[in-house]
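Some notes on the structure that comes next.
The values are calculated or read from the model by the stated rules, or taken from the named source; none is laboratory data. Since this is a predicted model, take the numbers as computed values, not measurements. Note that we place each Cβ from the backbone using ideal geometry, even for glycine, and neighbour counts take in every protein chain shown. Ligands, DNA and RNA are excluded from the accessible area calculation, which covers all protein heavy atoms including side chains. Shrake-Rupley method; radii C 1.70, N 1.55, O 1.52, S 1.80 Å.
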Amino acid sequence: MMTAGASKTLTNIFPSFAFTTKPQNPLTTHTSSTSFPSSRLRHRPICAVANPAQPPQIAAESTTPGQYRVDVLSESLPFIQKFRGKTIVVKYGGAAMKSPELQASVINDLVLLSCVGLRPVMVHGGGPEINTWLGRLNIPAVFHDGLRVTNADTMEIVSMVLVGKVNKTLVSLINKAGATAVGLSGLDGRLLTARPSPKAAHLGFVGEVARVDPAVLRSLIDTNHIPVVTSVAADESGQPYNINADTVAGELAAALGAEKLILLTDVAGILEDRNDPNSLVKKIDIKGVKKMVEEGKVGGGMIPKVNCCVRSLAQGVNTASIIDGRVPHSLLLEILTDEGAGTMITG
């Protein structure tokens, strides 16, 4: 497996990526469902010895940057081979969206994964940005059961901010980092068809995903583009709706037959004890996570995320992970190491 120390040296391998030098948090690790040998190889120079008949001695801790770079790449190989050519859907939001440093981390991770042969799809929301613009226009931000109450005026702002600003900013950042991104909303290519939420009387134009047509995404993915999808879609009559980005990510992952769904959050993952940040559940199956929900161990904003993961797994996604977006390069930790960066849910 690639250790935290090894992951820090990825800067030396891919110098255009600004990797962190902070140590990995051991509380945000899990063991992958697939075991790979941990090579831990280190190429060290041979020391001169007085007696040529004796075997050469290896310098204990002498490793050049180039040799260390080769070691890290060697240890990454099994993970790259496992995921190469596979579609990975990443829901981007939370702290990773608000912090410029974490935003750069996520963007660089996506581009790196694309460069080594994975097929990433980004799905994003933009709640803080929407709140900022509503405030500028003196439109109150109202929430009901954790969902934004969206009247006609609010829906207009949501569309303007998510489709016209946040989406295009992310596309620009990915392009600047060296990949080629294409921004989409659910309306483009009939990607998503919405329907009103059952709570429409309270929520207004908050919708659910009624249908997914991934054809436009497949053509982009097949030509090595990174789709960047925002969670606005319209119903059959053309009325736009605001849809939860986690839900959109899960439905797209299922429709694309993705290998992995990853939700970036503002917490370490699923906790055995919600009041104890040291009680991270590193790996759990659908049965186990449903039991935790029934026992009240999973609550609040984590419930819709868990439900989204369970639904995508039931539709054929191989694994779903809820990871800590506050950890720099958490995507790389999740995909290119045994350790991960949160909770992995399996079918």
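When residues of segment 119-131 are filtered for being assigned to a helix (DSSP H, G or I) and open to solvent by 10 Å² or more (accessible area, probe 1.4 Å), how many remain?
4
When L147, L134, L170 are checked against the criterion of being at pLDDT 95 or above and aliphatic (A, V, I, L, M), L170 stands alone in meeting it.
For every residue, the table says whether it meets (1) modelled with pLDDT of 95 or more; (2) more than 13 Å from the chain's Cα centre (by Cα); (3) under 23 Å from D188 (Cα atoms); (4) open to solvent by less than 20 Å² (accessible area, probe 1.4 Å).
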| position | (1), (2), (3), (4) |
| --- | --- |
| D235 | yes, yes, yes, no |
| P240 | yes, yes, yes, no |
| N244 | no, yes, yes, no |
| V248 | yes, yes, yes, yes |
| A253 | yes, no, yes, yes |
| D266 | no, no, no, no |
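Filtered by the rule that a residue be closer than 20 Å to T337 by Cβ, of a type in the set (A, V, I, L, M, F, W, C) and either under 12 Å from the mean Cα position of the chain (by Cα) or modelled with pLDDT of 95 or more (or both), segment 74-101 gives I88, V89, V90, A96. Here segment 292-336 is the region considered, the condition is being crowded, with 24+ Cβ neighbours inside 10 Å and among the polar types (S, T, N, Q), and the residue that is farthest from K98 (Cα to Cα) is S312. Return the residues of segment 141-198 that are open to solvent by 70 Å² or more (accessible area, probe 1.4 Å) and either touching a residue at least 60 places away in the same chain (Cβ under 8 Å) or in contact with a Phe, Trp or Tyr (Cβ under 9 Å, 6 or more places away or on another chain) (or both); say none if nothing qualifies. Once the filter is applied, which keeps residues that are open to solvent by 70 Å² or more (accessible area, probe 1.4 Å) and either touching a residue at least 60 places away in the same chain (Cβ under 8 Å) or in contact with a Phe, Trp or Tyr (Cβ under 9 Å, 6 or more places away or on another chain) (or both), segment 141-198 yields N151, M160, K165, R195.
Checked against (1) touching a strand residue (DSSP E or B) at 6+ places or on another chain (Cβ under 6 Å); (2) within 14 Å of V228 (Cβ to Cβ); (3) of a type in the set (D, E, K, R), R195 meets all criteria but (2). Of the helices (runs of 4 or more DSSP H) lying entirely inside segment 153-222, those containing at least 2 residues that are of a type in the set (G, A, S) are 200-203, 215-222. Please tell me if H202 is open to solvent by 40 Å² or more (accessible area, probe 1.4 Å), more than 26 Å from Q103 (Cα to Cα) and in contact with a strand residue (DSSP E or B) (Cβ under 9 Å, 6 or more places away or on another chain). Yes; evaluated as a whole, the condition is true for this residue.
Entry remark, segment 265-293: residues being under 23 Å from V149 (Cα atoms) and touching a helix residue (DSSP H, G or I) at 6+ places or on another chain (Cβ under 6 Å) number 1 in total. I'd like to know if segment 108-118 contains one or more residues that are open to solvent by 50 Å² or more (accessible area, probe 1.4 Å) and of a type in the set (D, E). The answer is no, given that none of the residues of segment 108-118 is open to solvent by 50 Å² or more (accessible area, probe 1.4 Å) and of a type in the set (D, E).
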